[in-house]
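Worksheet: the structure to be examined is printed underneath.
The values are calculated or read from the model by the stated rules, or taken from the named source; none is laboratory data. Computed from a predicted structure; not experimentally measured. Please note: Cβ atoms are built from the backbone with ideal geometry, for glycine as well, and neighbour counts cover all protein chains shown. Side chains are part of the model used for accessible areas, which takes the heavy atoms of the whole protein and leaves out ligands, DNA and RNA. Shrake-Rupley method; radii C 1.70, N 1.55, O 1.52, S 1.80 Å.
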Amino acid sequence: MEKREIGTSGIKVHPFAFGGNVFGWTIDESESFKILDGFVDAGLDLIDTADVYSSWVPGNKGGESETIIGNWLKKSGKRDKVVIATKVGKPIGEGKKGLSRRYITQAVEDSLKRLQTDYIDLYQSHDDDKDTPLAETMETFTCLIKQGKVRAIGASNFSGARLREVLQVSNDNGFAAYQCLQPEYNLYAREHYEKELEPICRERNIGVISYYSLASGFLTGKYRSEHDLSQSSRGQGVKKMLNPRGYKILAALDKVAAEYSATPAGIALAWVMARHGITAPIASATSLKQLDELVKATAIHLKSDAIDLLNSASRY
């Protein structure tokens with residue numbers, strides 16, 4: 001399995017990222033440890049989380065995912081086998097949000113403490129903060145890199161215009177620059193990334209670590225009718241995809257999956273991985289069986305006719 005560099009950071013990862021949003025939400029610490037061990041044992045290394053995970057669960061306050069990962073790192077001793085990516089900026093309490101110097105400086109210490117590590121491999125802005133000057137944010141990140149607390153930085157949920165603007169600010173001031181972008185991207189949600197963000201990422205050699213790579217589970221094929229939506233707490237989120245285009249995508253996934261003796265989810269991930277400029281898609285699993293299905297996607301190399309079929313079915 002080849003490794004791909006995150007931008008020009010020098011950090012190389014296998015082309016699949018495990019989404020840590022499930023830790024402390026749909027799986028507890030014990031199950032999370034099993035999943036993390038299985039992920040590393042499969043030869044993979046990129047773990048994506050955020051300080052806000054999983055604050056939406058009743059009784060949680062944020063930081064639960066990082067805490068579980070940190071406890072696993074301490075127990076397993078596998079810090080040198082993984083690349084830890086976390087994020088800052090989304091609201092997680094009174095006064096705790098945004099990308100100001102004051103907040104980032106505090107938030108990184110909190111994340112390091114929860115993760116029980118001396119450094120974060122990839123520290124990402126979870127949201128654009130238009131209330132803080134871009135120069136202030138980027139100077140702060142630059143200081144963290146110089147201090148050895150962060151190896152590289154990335155952005156998530158930025159518009160194309162703001163991404164270009166912040167890259168120019170870094171260039172003009174000699175600040176560290178974002179090495180990757182984390183956008184929504186999958187077979188169903190293609191247009192925004194491909195039209196607005198992909199040209200910039202390709203032009204500037206910015207890595208892309210995509211989220212919602214399975215479209216909230218729609219691309220696994222388990223939601224094929226309104227009746228299926230009750231299977232999961234995420235079911236209502238895919239209701240909008242139950243339309244002619246969505247069904248056409250599922251049919252194409254079924255056809256290609258049969259040809260490659262794979263699951264629709266595996267084919268959907270393999271399609272993202274095959275896109276030029278993609279570093280790694282993010283997906284989550286809540287059992288070792290699900291993890292095994294996702295890991296198999298890294299061994300699927302789609303031929304041009306399969307990619308053409310999927311592209312045609314998902315045309316926007």
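Here are the numbers:
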item	result
Packing-based order for 108-114, 11-17, using average beta carbon neighbours within 10 Å, highest first	11-17, 108-114
For S284, distant residues with modelled amide H under 5 Å away	G19
Semi-axes of the equivalent ellipsoid for the stretch 1-65, Cα gyration tensor, largest first, Å	26, 15, 7
Residue-averaged 222 nm ellipticity for the chain, from DSSP H runs of 4+ at -39500 (n - 2.57), nearest 500	-12000 deg cm²/dmol
Accessible carbon and sulfur surface of the chain relative to its total accessible area, %, 1.4 Å	49
Loop-resident sites, the stretch 126-165, for trypsin sites (Lys or Arg not before Pro), counting at most 15 other Cβ within 10 Å (DSSP)	K130
Label-point gap, in nm, between R224 and E5 - each point 7 angstrom along Cα→Cβ	4.5
Radius of gyration and Dmax over the Cα atoms of the stretch 36-111, both given in Å	13.6, 40
Percent antiparallel among DSSP beta bridges (both partners in the chain, rounded to 5)	5
Cα centroid of the stretch 131-207 to Cα centroid of the stretch 20-84, whole Å	25
Global geometry of the stretch 238-308, whether rounded, prolate or oblate, following the gyration tensor of its Cα atoms and the 1.5 cut on a/c	rounded
q = 0.09, 0.16 Å⁻¹, the chain: log10 I(q)/I(0) [Debye, one scatterer per Cα]	-0.44, -1.42
Folded to 0 to 90 degrees: helix 29-41 orientation relative to the chain principal axis, Cα	80
Probe 1.4 Å - accessible area at E64, Å² to nearest ten	40
Rounded, prolate or oblate (a/c below 1.5 giving rounded, otherwise prolate when a/b exceeds b/c) for the stretch 19-148 by Cα gyration tensor	oblate
Electrostatic dipole magnitude of the chain [Cβ: Lys, Arg +1; Asp, Glu -1; Cα centre; debye, to 20]	140
Centre separation in Å (Cα based) which lies between the stretch 114-130 and the stretch 261-316	27
For the stretch 154-284, convex hull of alpha carbons as volume per residue, Å³	110
